[in-house]
Structures are given as C-alpha cells and as structure tokens.
Amino acid sequence: LGFGRTDVRFELFAYRPDFKSDNPRAPAFPEDLQRGLSGSEPFAGTGFDDGVQHGTLVGVRMPWDEGPAAIVLLKRIESGPPEQVWHTRDVSMYMSTPVHVPGRLIGLSHRKRGQFFALDVRTGAVQWLSAGGQADNAALVVLGDSVLVMLGDGRLVVLPKDAPEPKAAPFLDAS
C-alpha cells in the first residue's frame with residue numbers, strides 16, 4: 001500500500017526560561033514538554049492530533065539560560081490524511097516489513113509459503129517475484145548496495161538491491 005505525502009509545514013516559537021513567550025501568536029507551551037525539559041534533558045517531544053491537523057512538537061532548551069529565546073518550540077504540522085497512491089493484491093506484507101531502495105520496495109510476502117518480491121514504489125507494480133517456499137518470515141535491512149535478509153530459520157542472505165529479477169540471487173532460484 002503506497003501513501004503520498006500530506007502537506008507539511010513548520011512553525012518555530014521562542015520562549016523565556018519560564019515557558020512564556022513574548023510572541024502573541026505563540027501557543028501556550030505544552031505541559032508535558034515542560035515536564036520533559038524540567039530536568040537536565042536538552043529536548044523533549046510529543047505528537048499531536050486535533051482532528052484537522054496532526055504532527056510533532058519538539059521543545060529544545062538552548063545552551064543559554066536567559067533571554068527571550070532560552071527555549072524553542074518546533075511545531076511540525078501535517079494537514080489532511082495521507083493520500084492512497086496505489087494498492088496491490090499481488091503481494092502481502094503480513095510477515096515482514098519491506099525496505100525501500102531507490103525506485104522499489106523489496107520484501108517477503110507470506111503468499112506461496114514465503115515469496116520475495118520487488119515492487120515499483122511509484123505504481124505498486126510487481127517488478128519480480130521469487131519462487132515460493134523461501135521463508136516463514138524475514139527481517140530486511142538495506143546496507144550499501146545490498147539488502148541483508150535474516151530469515152526466520154537463522155540464515156542470512158545478501159540480495160543486491162538493484163537485482164533486476166529473482167534469479168540474480170541464488171537463494172531465490174526455484175531450481
């Protein structure tokens with residue numbers, strides 16, 4: 001399932017050490033972030049969702065202790081719900097989380113008793129499928145030009161991330 005971006009914008013507000021701002025447009029500094037910054041922690045963060053907008057709030061204690069910008073609040077705002085870009089029934093990602101490499105998602109579908117796949121990230125079209133019976137589950141990680149695949153039985157497999165088809169990796173060959 002592919003999702004497009006929502007509209008994202010950032011707002012930045014300055015606060016005095018008492019969590020009050022001289023900026024009349026600055027929101028009240030969130031109490032949970034105040035508590036997070038009350039110790040020696042230099043920053044604290046939380047998410048928010050008001051039904052219209054959602055995003056992240058991060059409070060940062062600056063290296064100076066005084067003045068109108070001793071504490072800064074960064075508000076990352078995402079407007080609207082994510083937009084579905086594509087959907088596929090050709091593969092399922094029930095037993096593993098795919099990894100993103102340039103132009104594609106590589107993962108393990110539980111279909112056909114474990115079938116590796118590559119999908120085009122823009123369209124969701126299947127670029128290739130391996131033979132079935134590969135694994136029950138897997139953990140995938142991108143490392144340089146490769147995708148490291150830790151299979152559920154403990155085997156570690158290295159797959160070239162730009163493999164044009166499954167036969168490029170010996171463990172994917174049905175023969």
>> Probe of 1.4 angstrom, ligands and nucleic acids ignored: what's the accessible area per residue over the chain, in square angstrom?
In response: 60
> Once both labels are modelled 7 Å past Cα along the beta-carbon direction, what's the ARG113-SER92 spacing in nm?
Replying inline: 1.6
> Using the Cα gyration tensor of the range 27-122, with a ≥ b ≥ c the square roots of its eigenvalues, what is the shape: rounded (a/c below 1.5), prolate (a/b larger than b/c) or oblate (neither)?
Replying inline: prolate
>> Just to be sure I understand the model, the point goes 7 Å from the Cα along the line to the Cβ. What's the resulting VAL58 to LEU143 distance in nm?
In response: 2.8
>> As an exercise, take the mean of 1/r over every pair of distinct alpha carbons in the chain, invert it, and state the Kirkwood radius in angstroms.
In response: 19.5
> Counting only protein heavy atoms, what percent of the accessible surface of the range 1-146 is carbon or sulfur at a 1.4 Å probe?
Replying inline: 53
> Taking the Cβ-Cβ separation of GLN84 and ASP18 as r and a Förster radius of 30 Å, what is the calculated FRET efficiency to the nearest 0.05?
Replying inline: 0.10
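The values are calculated or read from the model by the stated rules, or taken from the named source; none is laboratory data. Everything numeric in this text was worked out from a predicted model, so none of it was measured. In this analysis, Cβ positions are derived from the backbone assuming ideal geometry, glycine residues included, and neighbour counts consider all displayed protein chains. When the accessible area is computed, the model is the full protein with side chains, heavy atoms only, and any ligands, DNA or RNA have been set aside. Shrake-Rupley method; radii C 1.70, N 1.55, O 1.52, S 1.80 Å.
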